[in-house]
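Peer 1: Once you've had a glance at the structure underneath, I'll fire off some questions.
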Amino acid sequence: MKKRVAILISGGGSNMVALARSMGKDHPAKPVLVLSNNANAGGLQKAADLGIPTAIVDHRQFDTRPDFETGLHKALLAADPDIICLAGFMRILSAGFVENWAGKILNIHPSILPLFPGLHTHQRALDAGMAVHGCSVHLVTPELDAGPILGQAVIPVLSADTPDDLAKRLLPMEHQLYPAALKKFASGDQTKVTFP
Ligand code: GRF
């Protein structure tokens with residue numbers, strides 16, 4: 001029985017597309033929902049074009065974060081996922097929400113965790129004088145960007161690099177790392193994925 005995967009997005013959804021396209025007939029998982037907190041997320045149309053059911057739970061429609069998370073939880077329950085992949089999802093989830101899906105939520109973060117949790121990771125890597133940068137796929141725990149690492153990809157930092165240069169060079173690596181980490185996770189393989 002294939003694992004059911006819900007993918008949460010807030011924007012263009014390039015990581016969602018990479019994940020969805022990776023889940024072919026011999027893959028241990030299948031995409032069952034793409035959900036966005038942003039009604040204008042470009043990834044929603046990409047998901048629809050791929051034939052994946054979509055949903056919007058717009059955080060701006062709720063008075064409080066707990067109300068938003070209740071709406072999010074209900075939408076996810078309806079899809080009954082075994083795995084939830086955060087893919088460019090820009091809302092911080094409370095400890096209570098994460099604990100309701102303990103051990104089932106994956107995220108991709110654009111840094112070599114535990115370095116640079118949070119935002120503006122490319123600028124922070126440059127400011128720190130890093131020789132390398134990268135991205136991490138990790139299990140989501142109540143602490144932000146701090147859960148067990150499932151895979152990491154590394155790229156060199158070039159002397160003339162700007163934050164945008166790093167983001168552009170890193171994104172294709174994310175599109176390789178996240179699908180590889182998801183496939184292992186869905187198959188119950190606990191070994192870490194590394195690129196290169
Ligand atoms: C990516 O850089 C990813 O690392 C971060 O969100 C960015 C946009 O991702 N989590 P996507 O194109 O919306 O998948």
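Peer 1: Does Asp67 fit the bill of being over 17 Å from Lys184 (Cα atoms), without any contact (Cβ under 8 Å) to a residue 24 or more places away in the chain and within 16 Å of the ligand (Cβ to nearest atom)?
Peer 2: No.
Peer 1: Suppose we keep only residues that are small (Gly, Ala, Ser) and buried (at least 17 other Cβ atoms within 10 Å of the Cβ) within the range 25-61. Which one would you say is farthest from Lys184 (Cα to Cα)?
Peer 2: Applying the filter and picking the extreme gives Ala41.
Peer 1: Next question, about the same structure. If you check Val154 against the conditions, is it within 25 Å of Cys85 (Cα to Cα) and within 11 Å of the ligand (Cβ to nearest atom)?
Peer 2: no
Peer 1: Of the conditions (1) among the hydroxyl-bearing types (Ser, Thr, Tyr); (2) within 15 Å of the ligand (Cβ to nearest atom); (3) in a helix (DSSP H, G or I), Ser111 clears all except one; give me its number.
Peer 2: (3)
Peer 1: If you don't mind, another one. Can you find a residue that is within 11 Å of the ligand (Cβ to nearest atom), of a type outside the set (Asp, Glu) and farther than 22 Å from Ala18 by Cα anywhere in the range 124-134?
Peer 2: no
Peer 1: Output the qualifying pairs, or none if there are none: Cβ atoms under 7 angstrom, residues six or more apart or on different chains, first residue in the range 154-165 and within 19 Å of Leu177 (Cα to Cα), second residue among the polar types (S, T, N, Q).
Peer 2: Listed by first residue and then by second, the contacts come to nothing, as the list is empty.
Peer 1: Might you let me know whether the range 78-85 holds any residue that is over 25 Å from Asp189 (Cβ atoms), surrounded by fewer than 18 Cβ atoms within 10 Å (Cβ to Cβ) and touching a helix residue (DSSP H, G or I) at 6+ places or on another chain (Cβ under 7 Å)?
Peer 2: No; the residues of the range 78-85 include none that is over 25 Å from Asp189 (Cβ atoms), surrounded by fewer than 18 Cβ atoms within 10 Å (Cβ to Cβ) and touching a helix residue (DSSP H, G or I) at 6+ places or on another chain (Cβ under 7 Å).
Peer 1: I need the full set of residues from the range 1-14 which are more than 20 Å from Gln176 (Cβ to Cβ) and near the ligand (Cβ under 8 Å from one of its atoms), in order please.
Peer 2: Ser10
Peer 1: Is it the case, given these coordinates, that Val17 is more than 15 Å from the ligand (Cβ to nearest atom), under 25 Å from Gly71 (Cα atoms) and touching a helix residue (DSSP H, G or I) at 6+ places or on another chain (Cβ under 7 Å)?
Peer 2: no
Peer 1: Another question about this same structure. Quick one: in the range 169-189, which of the residues that are touching a strand residue (DSSP E or B) at 6+ places or on another chain (Cβ under 8 Å) and farther than 19 Å from Leu8 by Cα is nearest to the ligand (Cβ to nearest atom)?
Peer 2: Leu170
Values in this text are rule-based calculations from the coordinates and carry no lab data. No experiment lies behind these values; they were computed from the predicted model shown. Note: ideal-geometry Cβ built from the backbone for every residue, glycine included; neighbour counts use all protein chains shown.
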